[in-house]
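The values are calculated or read from the model by the stated rules, or taken from the named source; none is laboratory data. Because the structure is a prediction, the values reported are computed rather than measured. We place every Cβ from the backbone using ideal geometry, glycine too, and count neighbours over all the protein chains shown.
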Amino acid sequence: MLTSPPMAPASAVTELECLRCHAVYDDQRLFTGCPRCAAKSSSVNLTVRAPAVRGPLTPESFPAAPRSLWRFRRLLPLPDVQPISLGEGATPLVPLPRLGRRLGLPHLYAKDESQNPTWSYKDRLCSLAVTHAVATGAKVITISSTGNHGASTAAYAARAGLPCVIFTLASVPDTMKTLMQAYGAAVVACASSEQRWTLMREGIERHGWYPTSGWMVPPIGSNPFGIEGYKTIAFEIAEDLGWRAPGVVAVPSCYSDGLFGIWKGWVELERLGLVKTRPRMLAAEPFGPLAAALERGLEMPEKVTATSSVAFSIASPYGTYQGLTALKQSEGLGVPITDEGIFEAQRALASEEGLYAEPSAVVGLTAVMQQARAGTLHPDQSVVVVLTSGGLKDYGASRAWLPEVPAAGPDFASTLAVLEERYGVRLGS
């Protein structure tokens with residue numbers, strides 16, 4: 001079991017700030033958003049105030065080891081606490097030359113977050129959140145999740161030696177339920193999102209369970225300390241591009257934890273002089289609540305109509321203030337996407353570039369493909385698509401566009417004919 005060294009009282013470590021009214025709070029367990037804004041019927045998440053950086057900061061300030069996001073601990077909260085880590089971060093920035101040429105974007109990249117310990121970018125959030133949980137004396141970790149976030153929370157709770165309770169939906173794929181249970185979590189299936197949020201809230205309020213996700217209605221986003229982990233995606237992209245910011249970063253968006261966290265990373269890098277510019281952010285979302293809020297000039301996103309989506313883990317009718325903040329500040333876009341667009345991007349990425357991402361993870365590429373066709377992306381721009389998890393998390397969804405595997409013929413010649421007929425390519429001489 002990993003333990004943390006003695007630490008100062010939580011209020012002395014850091015503070016939380018409202019994104020909207022900028023009120024400052026020193027309550028380390030204030031995960032329900034800004035009370036002042038809530039009193040005015042505005043649901044707004046808090047964010048960790050940027051830590052004071054001691055001494056000059058240059059690219060050489062970040063050590064080569066350990067190869068994890070904790071290389072950047074000078075820019076993270078809890079800098080003096082033993083981290084709960086599985087080696088998360090340090091994921092590759094992969095050029096996409098074939099897709100880039102076809103889309104007229106020769107500087108197209110994928111940030112492949114499937115190479116994290118539980119195969120999704122949620123590991124960045126959970127490493128920070130569970131580190132904070134241990135540092136503040138948490139006894140039980142809890143979350144409401146349909147998959148990746150729950151699996152990651154379970155893994156990091158196990159790493160910390162803490163019990164974990166997960167409220168999921170009965171409808172999620174068995175693969176996700178297996179992952180969550182395999183790490184030792186106590187998983188229960190609920191009939192609706194509202195039921196899982198209600199049960200989670202009772203565990204927090206009655207027994208002091210520590211949340212890694214949100215549970216508010218309307219949603220505000222996740223644990224502010226966990227969201228800090230997503231800043232390191234910006235740090236790593238900047239480092240891999242020679243400490244330059246790309247022109248565009250496209251991120252799958254539900255309640256916009258990743259979108260806002262990555263944006264916050266770019267803001268801090270520019271403030272510290274480590275990059276000279278900041279990218280535009282694209283939020284890829286199945287039903288478009290952020291896109292609708294931008295189009296209508298709203299201060300707060302409003303609930304939109306939702307049906308079903310193959311990207312089930314991000315298919316929410318709600319947007320959040322933190323997501324809208326990232327888009328407004330970056331002059332970015334919310335991009336509604338369709339199942340057809342998701343499958344097109346998933347197929348192209350796998351067959352042309354050798355990267356297989358689950359539907360919810362590939363929607364950033366869907367958004368980029370749509371914008372490239374609309375002519376809104378300049379060919380001189382560097383464009384980065386964040387692939388949030390791997391395709392095996394929901395491999396069943398790919399059957400929608402994959403053919404049945406044909407039976408081999410009785411000899412090579414007939415087998416070759418079967419292959420050419422079924423897959424549409426000439427394979428003989």
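Quick notes
- Filter result for residue 385 (touching a Lys or Arg at 6+ places or on another chain (Cβ under 9 Å), modelled with pLDDT of 90 or more and surrounded by 14 or more Cβ atoms within 10 Å (Cβ to Cβ)): yes
- Residues satisfying the stated conditions in region 150-173, i.e. more than 20 Å from residue 314 (Cβ to Cβ), in a loop (DSSP other than H, G, I, E, B) and either in contact with a Leu (Cβ under 9 Å, 6 or more places away or on another chain) or of a type in the set (Ser, Thr, Tyr) (or both): 161
- Check on residue 221, of a type in the set (Gly, Ala, Ser), in contact with a Ser or Thr (Cβ under 8 Å, 6 or more places away or on another chain) and assigned to a loop (DSSP other than H, G, I, E, B): yes
- Checking 31, 72 one by one, the residue that is assigned to a helix (DSSP H, G or I), in contact (Cβ under 8 Å) with a residue 60 or more places away in the chain and under 22 Å from the mean Cα position of the chain (by Cα) is 72 and no other.
- All positions within region 224-269 that are part of a loop (DSSP other than H, G, I, E, B) and closer than 29 Å to residue 210 by Cα: 253, 254, 255, 256
- Test: residue in region 146-162 that is among the β-branched types (Val, Ile, Thr), in contact with a strand residue (DSSP E or B) (Cβ under 9 Å, 6 or more places away or on another chain) and at pLDDT below 95: yes
- Among residues of region 92-144 being within 16 Å of the chain's Cα centre (by Cα) and of a type in the set (Val, Ile, Thr), the one that is nearest to residue 282 (Cα to Cα) is 118.
- Selected residue [more than 21 Å from the chain's Cα centre (by Cα) and modelled with pLDDT of 95 or more] from 194, 205: 205
- Residues in region 163-182 that are at pLDDT 90 or above and hydroxyl-bearing (Ser, Thr, Tyr) were compared, and the one that is surrounded by the most Cβ atoms within 10 Å (Cβ to Cβ) is 168.
- Qualifying residue in region 296-314 (condition: closer than 21 Å to residue 20 by Cβ and touching a strand residue (DSSP E or B) at 6+ places or on another chain (Cβ under 8 Å)): no
- Residues satisfying the stated conditions in region 409-429, i.e. hydrophobic (A, V, I, L, M, F, W, C) and exposed (fewer than 12 other Cβ atoms within 10 Å of the Cβ): 412, 413, 425, 427
- Single unsatisfied condition, residue 295 versus (1) of a type outside the set (Phe, Trp, Tyr); (2) over 19 Å from residue 149 (Cβ atoms); (3) touching a residue at least 24 places away in the same chain (Cβ under 8 Å); (4) out of contact with any helix residue (DSSP H, G or I) (no Cβ under 6 Å at 6 or more places or on another chain): (3)
- Any hit, region 48-66, residues being touching a Gly at 6+ places or on another chain (Cβ under 8 Å) and modelled with pLDDT of 95 or more: no
- Residue 362, sole failed condition from (1) modelled with pLDDT under 95; (2) within 15 Å of the chain's Cα centre (by Cα): (1)
- Close pairs from region 361-381: first touching a residue at least 24 places away in the same chain (Cβ under 8 Å) and surrounded by 24 or more Cβ atoms within 10 Å (Cβ to Cβ), partner among the polar types (S, T, N, Q) and not in a loop (DSSP other than H, G, I, E, B), Cβ under 6 Å, at least 6 apart: 361/389; 362/346
- Test: residue 403 is exposed (fewer than 12 other Cβ atoms within 10 Å of the Cβ), out of contact with any Asp or Glu (no Cβ under 8 Å at 6 or more places or on another chain) and assigned to a loop (DSSP other than H, G, I, E, B): yes
- Selection over region 174-202 of residues that are of a type outside the set (Phe, Trp, Tyr) and assigned to a helix (DSSP H, G or I) gives a count of 18.
- Residue count for region 115-134, restricted to those that are assigned to a helix (DSSP H, G or I) and surrounded by fewer than 24 Cβ atoms within 10 Å (Cβ to Cβ): 1
- Qualifying residues in region 271-316 (those that are of a type in the set (D, E, K, R) and crowded, with 16+ Cβ neighbours inside 10 Å) - the one farthest from residue 385 (Cα to Cα): 278
- Subset of region 203-215 [surrounded by fewer than 18 Cβ atoms within 10 Å (Cβ to Cβ) and part of a loop (DSSP other than H, G, I, E, B)]: 208
- Qualifying residue in region 117-130 (condition: among the β-branched types (Val, Ile, Thr), modelled with pLDDT of 95 or more and closer than 27 Å to residue 354 by Cα): yes
- Odd one out for residue 251 among (1) buried (at least 18 other Cβ atoms within 10 Å of the Cβ); (2) farther than 30 Å from residue 375 by Cβ; (3) not polar (S, T, N, Q): (2)
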